[in-house]
1. For the stretch 306-368, what value does the Rg/Rh ratio take when both radii are computed over Cα atoms and Rh is the Kirkwood radius, given to two decimals?
2. Grab the Cα-Cα distance for K310 and V176, subtract it from 0.36 nm times how many residues apart they are, and report the gain in nm with one decimal.
3. Tell me, Y331, Y144 in order of fewest to most beta-carbon neighbours within 10 Å?
4. Would you kindly state how much longer the chain becomes between Y217 and A169 on full extension, computed as 0.36 nm times their sequence separation minus their alpha carbon distance, in nm to one decimal?
5. Note down the net charge around P256, summing +1 for each Lys or Arg and -1 for each Asp or Glu among other residues with Cβ under 12 Å from its Cβ.
6. Can you tally the net charge around F272? Count Lys and Arg as +1, Asp and Glu as -1, for every other residue whose Cβ sits under 14 Å from the Cβ of F272.
7. Convert each backbone phi in the stretch 286-292 into a coupling constant with the Karplus relation 6.51 cos²θ - 1.76 cosθ + 1.60 (shift: θ = phi - 60°), then list the ³J(HN,Hα) values in order as whole Hz, x for Gly and Pro.
8. Taking a 24 Å limit on the Cα-Cα distance, which of the listed pairs K116/K380; K232/K283; K310/K338; K225/K283 fall beyond it?
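Read the figures in this text as sums done on the coordinates, not as results from a lab. This one's a predicted model, so the numbers in the text were calculated from it and none came from an experiment. Heads up, the Cβs are rebuilt from the backbone with ideal geometry, glycines too, and the neighbour counts pull from every protein chain shown.
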Amino acid sequence: MEKKPLGPELFERFIANESNAAELEQLFSYLGDVDQQELENLIQSEFEHHIDAFNDADEDRLALIHVALSAKLFSKPENRILKFVKSSNFRKMAATLLVVVSVTLLIAKFLNNGNKVVPGSAQAVLTLNGKETALDGRVAKVIYRSAGVTVSTKADGTMVFMAINADSAEASKLNVVSTPNGGEYRVTLSDGSMVMLNAGSKLSFPTDFRGSERKVYVEGEAFFKVAKNPLKPFIVNVAGNEIKVLGTQFNVSSYPEDEGTQATLLEGSIQFSNANGDQVVLKPNQQVTAHHGKLDLQAVSAEDFNTWTKGEFLFNDVPLSIVMQKLARWYNVEVDVKSIPQKNLYLKISRKADIDEVLDAISTATAYRFKIKENKIMLKE
């Protein structure tokens, strides 16, 4: 009589060290009663397709991990079940089971530490007075103080510029904050405006804003929360386009995969002008895309385009090739865009998630399977 498959929650609870005695008895009784051929059929039919990413050495390491877990789980005198646990057949089966369930992402993370693939974090480089200073989100300190100007960092990944009675020469100096792939950073400008830079981006700005306008330059992606000042408009120059605001919140992106420059308005209003002099005024929940000399305006859910500032990825009907490019930038890996299938995707997941977890979620949603090999996202054949 064919056995009824066990629910995956039994394996999940076992690996998570949460199984009770009854669950352990059920699990090992099921495995202990199958003969060699049945065991091979079980592996082939239910689990084999999950382990192609691991080599023999990895399976041995998984077996060792399982031995440690077993030692912690079992304190009863040795019986038939425990003998089976210690057998080579069971260790192979346990290694396979560890790969199958969702909690094996922890194991995969352990095995893949050599790849050094980790989520992005607060890191950037400040260029001030021709000197480069590496920034991270762990240290609060003053990094510059002179002629009425103070530049400091906070432990939450924020840099603050303050200019009090700064002389003209000091105020007009142009500073640059750039984030590498795998980095993000917040900057509070001297007028109180906040700018958050996504990975692989750059912000250029004066130490203090003098004259009739506040002008900054952006490359990549940034979220702006502009301090209101009706007498001094805030202007963002990005890829030859200009965004003029008085006080508002908006996101702007001009990555290569965007195929143009996108500005998305959350609140207030902005005036967007392209290099040809064409203009459009945006209202909240509108997005303009400047490409091929034209401006395309459409209604969107603006919150969808700044979820990255809240620690989440949200891709709503986005081509898989674009998703992969943005993931590659955040996790500081490479991707062969030409190898990515043409398919759109909906995905919402934490930006702190392990890369294997993200790729697994994409595989579930698309039926395409991906892996990290030599620091590159690869499509599995």
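1. 0.92
2. Working: separation 134, 0.36 × 134 = 48.24 nm, distance 2.36 nm.
Using 0.36 nm per residue and subtracting the Cα-Cα distance, I get 45.9 nm.
3. Y144, Y331
4. Contour length minus the Cα-Cα distance gives 15.3 nm.
5. Result for the neighbourhood of P256: -3.
6. For residues surrounding F272, the net value is 0.
7. For the stretch 286-292, the Karplus curve yields 10, 9, 10, 10, 9, 7, 6 Hz.
8. On the way: K116/K380 20 Å; K232/K283 20 Å; K310/K338 30 Å; K225/K283 15 Å.
The answer is K310/K338.
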